[in-house]
1. Quick one: helix 49-72 against the long Cα principal axis of the chain, what's the angle to the nearest 10°, folded into 0 to 90?
2. Report, in deg cm²/dmol and to the nearest 500, the calculated mean residue ellipticity at 222 nm for the chain, where each DSSP H run with n ≥ 4 adds -39500 (n - 2.57) and the sum is divided by the residue count.
3. As I understand it, the value is the acute angle between the Cα axis of helix 14-35 and the longest principal axis of the Cα atoms of the chain; what does it come to in degrees, rounded to 10?
4. When only alpha-carbon atoms are used, what values of Rg and Dmax, in angstrom, describe the chain?
5. Taking a probe of 1.4 Å, how large is the accessible area per residue of the chain, in Å²?
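The values are calculated or read from the model by the stated rules, or taken from the named source; none is laboratory data. These numbers were taken from a predicted model, which means no experiment stands behind them. Protein only, heavy atoms only, side chains kept; ligands, DNA and RNA dropped before computing areas. Shrake-Rupley method; radii C 1.70, N 1.55, O 1.52, S 1.80 Å.
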Amino acid sequence: MKKEKTNWVKNLSKKQVILFGVAWFIGALLLILSSTNLFTESLFQRRYMATNVLMLLSTITFAVVLISYLKKK
């Protein structure tokens, strides 16, 4: 018999979802802090477009993981 490959995004435990959420939050916070010089500048400037895209993509990834976990539950 063939073993089915497990997909870590679709077969998550509660601990993995919590760790992924904490990593997402810390990563997004560090991106904001580093690009805005500790909140002295606005994040919504043209030169921060790459940072905003990175945060958007990581948020979408976290949403996919969370929705997948909630569907499995």
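1. Helix 49-72 sits at roughly 30 degrees to that axis.
2. Theoretical 222 nm ellipticity from helices: -22000 deg cm²/dmol.
3. It works out to around 20 degrees.
4. Gyration radius and largest Cα-Cα distance of the chain: 16.1, 60 Å.
5. Working: 6200 Å² over 73 residues.
Normalised by residue count, the accessible surface of the chain is 85 Å².
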